[in-house]
Amino acid sequence: MGLITPNDFPNLRELYTAQLRYLLSAENQIVDGLPKMIDHAQETQLRQAFQSHLQETRNHVTRLQRLLGDLMNDFSDKKDSVLAAIISSGENITKESDPGAVRDAGLIASAQKIEHYEIASYGSARDWAEQLGLREHAQILQETLNEEKHADKLLTEISHTANATAAV
């Protein structure tokens with residue numbers, strides 16, 4: 001990734017397009033990382049939530065590729081180093097904890113960090129699409145944003161049990 005110069009984003013459309021490419025990178029990284037989280041999760045409900053979100057994430061990749069295709073006929077992502085760091089911290093949890101409730105609690109926390117990052121990113125992208133008059137894009141991004149918020153809510157619900165079990 002090169003240095004960002006003032007000319008990289010001369011207008012909102014360029015910034016929006018870059019955001020979509022960063023989101024595509026994030027979703028691709030999540031598609032790669034979720035199977036590992038599924039393998040490391042012990043609690044059945046948590047594994048099921050991760051499996052369900054993996055399928056949703058694959059749909060998110062398809063949606064982002066469609067939006068990028070509408071804009072530029074280029075489906076390449078732009079490496080999202082922030083998400084890579086969050087994923088790396090989650091991988092450390094699995095290396096530094098034994099299988100069980102404590103690891104599950106850590107996996108939930110890592111997954112929620114990812115969800116919160118995505119919620120912020122999709123919210124901005126949706127707002128920019130609206131400002132640019134890209135109504136269909138805004139609707140698609142809102143649908144994904146709703147799914148990310150739902151995933152976060154489900155993880156919060158699962159965390160109540162996982163955290164209580166880990167505390168024992």
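The values are calculated or read from the model by the stated rules, or taken from the named source; none is laboratory data. Remember, it's a predicted structure, so these values are computed and weren't measured experimentally. Don't worry about glycine lacking a Cβ; one is built from the backbone with ideal geometry, like all the others, and counts go over all protein chains shown.
Observations
- Counted residues, the stretch 77-111 - those being acidic (Asp, Glu), touching a Phe, Trp or Tyr at 6+ places or on another chain (Cβ under 6 Å) and surrounded by fewer than 19 Cβ atoms within 10 Å (Cβ to Cβ): 0
- Members of the stretch 95-128 found to be in a helix (DSSP H, G or I), among the small types (Gly, Ala, Ser), out of contact with any Ser or Thr (no Cβ under 9 Å at 6 or more places or on another chain) and without any contact (Cβ under 8 Å) to a residue 24 or more places away in the chain, listed by number: Ala120, Gly123
- Among the residues making up the stretch 67-76, those that are modelled with pLDDT of 90 or more and surrounded by 14 or more Cβ atoms within 10 Å (Cβ to Cβ) are Leu67, Leu68, Leu71.
- Selected residue (criterion: farthest from Leu64 (Cα to Cα)) from residues of the stretch 111-149 that are polar (S, T, N, Q) and under 11 Å from the mean Cα position of the chain (by Cα): Gln112
- Taking the criterion of being surrounded by fewer than 17 Cβ atoms within 10 Å (Cβ to Cβ) and of a type outside the set (S, T, N, Q), the residues of the stretch 11-43 that qualify are Leu12, Arg13, Glu14, Leu15, Ala18, Val31, Asp32, Pro35, Lys36, Asp39.
- Of the candidates Gln29, Gln65, Gln42, the single residue that is among the polar types (S, T, N, Q), in contact with a Pro (Cβ under 8 Å, 6 or more places away or on another chain) and touching a residue at least 24 places away in the same chain (Cβ under 8 Å) is Gln42.
- The residues of the stretch 38-51 that are part of a helix (DSSP H, G or I) and in contact with a Phe, Trp or Tyr (Cβ under 9 Å, 6 or more places away or on another chain) amount to a single one, Ile38.
- Residue satisfying all of: in the stretch 52-94; in a helix (DSSP H, G or I) and charged (D, E, K, R); nearest to Leu15 (Cα to Cα) among these: Asp70
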